[in-house]
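Written below as structure tokens is the structure these notes are about.
The values are calculated or read from the model by the stated rules, or taken from the named source; none is laboratory data. What you see is a predicted model; the values in this text were computed from it and never measured. Glycine also receives a Cβ, built like all others from the backbone with ideal geometry; neighbour counts cover every protein chain displayed.
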Amino acid sequence: MARIFAITNQKGGVGKTTTTVNLAAGLAMLGKRVLLIDLDPQGNATMGSGVDKRELSHTVYHLLLGQAKLADVVRHSETAGYAVLAANRDLAGAEIELVGEHGREFRLREALAEVGEHYDYVLIDCPPALNLLTVNALAAAHAVIIPMQCEYYALEGLTDLVNTVKKVKAGLNPAIEIEGLLRAMFDPRNTLAQQVSDQLKGHFGDKVYDTVIPRNVRVAEAPSYGLSALAYDKASKGAQAYLQLAQEIIRREEGRQHGKA
Ligand code: ADP
Ligand code: MG
């Protein structure tokens, strides 16, 4: 069965899209079948996966509005090595168009009902807001991955996000859990970052991934070529960190399944 992760944080610029793209590439490199879903109208994960958002007849928008089926909107990106459910600016309208529609929070979940046989991992890149699109991702996901920057206000924002996950758990998706917190764009020489990192571990314990993603210029450059950092410069520190994250997530997943058995 596919494991569905929402990569989410209502704060912008914390590394959600970068994490979604590079984790997808890392998992694919390790032999997993991966579907990346871009749920942000900015379409950055789409472009970063080598799919041109301006040349799409069908996107996740059509899926959410019930105008297309999953198989018709998924594209396999040869360069990326994983499948992509793309997004562009059309998606910004979905929220308004779905207002008043019955079951609007469950559109993505319903669309993914048959995804299980085809993929090992589904990664959903969320927009930087706690809006209907994010709620659709949280209703569809088994667990959330929270990338964050270790800075002063990060923990405060985290409280809101944890409360949202609790609300979703109580109302829409009883099975949802926090899979892990990822320290992204980390600078170990920054004392404040170290302090916030320690607080994070104090608070969330082993929910915090051991893997830390360093700030690395190759990671920032890769999307302008429509590539993940792993495809752009596999040897770079950033790419290697994401590969390590993919390994850590697979290990956790195997441990979880063992625990269940
Ligand atoms: P979000 O999706 O949360 O808004 P992004 O993934 O788009 O955040 O990242 C914000 C910016 O930071 C982008 O320009 C991205 O290229 C850059 N960035 C992300 N991770 C790293 C990293 N590890 N090293 C350097 N730059 C990064
Ligand atoms: Mg983003």
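Table: residues versus (1) modelled with pLDDT of 95 or more; (2) at negative phi; (3) among the aliphatic types (A, V, I, L, M).
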{"residue": "Ala2", "(1), (2), (3)": "no, yes, yes"}
{"residue": "Arg33", "(1), (2), (3)": "yes, yes, no"}
{"residue": "Asn44", "(1), (2), (3)": "yes, yes, no"}
{"residue": "Gly48", "(1), (2), (3)": "yes, yes, no"}
{"residue": "Arg54", "(1), (2), (3)": "no, yes, no"}
{"residue": "Asp72", "(1), (2), (3)": "no, yes, no"}
{"residue": "Asp90", "(1), (2), (3)": "no, yes, no"}
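Within segment 173-185, does at least one residue satisfy the condition of being under 25 Å from Ala86 (Cα atoms), surrounded by fewer than 20 Cβ atoms within 10 Å (Cβ to Cβ), within 16 Å of ligand 1 (Cβ to nearest atom) and modelled with pLDDT of 95 or more?
No, because not a single residue in segment 173-185 is under 25 Å from Ala86 (Cα atoms), surrounded by fewer than 20 Cβ atoms within 10 Å (Cβ to Cβ), within 16 Å of ligand 1 (Cβ to nearest atom) and modelled with pLDDT of 95 or more.
The conditions are (1) crowded, with 21+ Cβ neighbours inside 10 Å; (2) in a helix (DSSP H, G or I); (3) acidic (Asp, Glu), and Asp160 fails exactly one of them. Which is it?
For Asp160, the exception is condition (1).
Just to be sure I understand, how many residues within segment 15-38 are over 20 Å from Ser236 (Cβ atoms) and over 9 Å from the mean Cα position of the chain (by Cα)?
Summing the residues that are over 20 Å from Ser236 (Cβ atoms) and over 9 Å from the mean Cα position of the chain (by Cα) in segment 15-38 gives 5.
Based on what the data block shows, is Ser228 touching a helix residue (DSSP H, G or I) at 6+ places or on another chain (Cβ under 6 Å) and touching a residue at least 40 places away in the same chain (Cβ under 8 Å)?
Spelling it out, Ser228 is indeed touching a helix residue (DSSP H, G or I) at 6+ places or on another chain (Cβ under 6 Å) and touching a residue at least 40 places away in the same chain (Cβ under 8 Å).
Name the residues in segment 139-157 that are in contact (Cβ under 8 Å) with a residue 12 or more places away in the chain, more than 24 Å from Arg256 (Cα to Cα) and away from ligand 1 (no atom under 14 Å from the Cβ), would you?
Within segment 139-157, Tyr152, Leu155 meet the criteria.
Give the residues of segment 15-33 that are surrounded by fewer than 23 Cβ atoms within 10 Å (Cβ to Cβ) and either within 11 Å of ligand 2 (Cβ to nearest atom) or more than 16 Å from Ser77 (Cβ to Cβ) (or both), sorted by residue number.
Gly15, Leu30, Gly31, listed by residue number.
Scan segment 210-258 for residues that are within 28 Å of Ile4 (Cβ to Cβ) and within 16 Å of ligand 2 (Cβ to nearest atom) and jot them down.
Listed by number, the residues that qualify are Ile213, Val219, Ala220, Ala222, Pro223, Gly226, Ser228, Ala229, Tyr242.
Of the conditions (1) surrounded by fewer than 19 Cβ atoms within 10 Å (Cβ to Cβ); (2) among the hydrophobic types (A, V, I, L, M, F, W, C); (3) within 16 Å of ligand 2 (Cβ to nearest atom), Ala170 satisfies every one except a single condition; which number is it?
Status for Ala170: all satisfied but (3).
Pairs only if they're at least six apart or on different chains, beta carbon under 7 angstrom, first in segment 201-217 and within 14 Å of Arg252 (Cβ to Cβ), second surrounded by fewer than 17 Cβ atoms within 10 Å (Cβ to Cβ) and of a type outside the set (Val, Ile, Thr); list them, first residue then second.
If the second residue must be surrounded by fewer than 17 Cβ atoms within 10 Å (Cβ to Cβ) and of a type outside the set (Val, Ile, Thr), the pairs left are Val208/Lys201; Tyr209/Glu248; Asp210/Glu248; Thr211/Gln244; Thr211/Glu248.
Within segment 1-14, work out how many residues are more than 15 Å from ligand 2 (Cβ to nearest atom) and either more than 16 Å from Asn136 (Cβ to Cβ) or of a type in the set (Ser, Thr, Tyr) (or both).
The number of residues fulfilling the criteria is 3.
Scan segment 34-46 for residues that are surrounded by 21 or more Cβ atoms within 10 Å (Cβ to Cβ), within 15 Å of ligand 2 (Cβ to nearest atom) and not β-branched (Val, Ile, Thr) and jot them down.
Scanning segment 34-46 gives Leu36, Asp38, Leu39, Asp40, Pro41, Gly43, Ala45.
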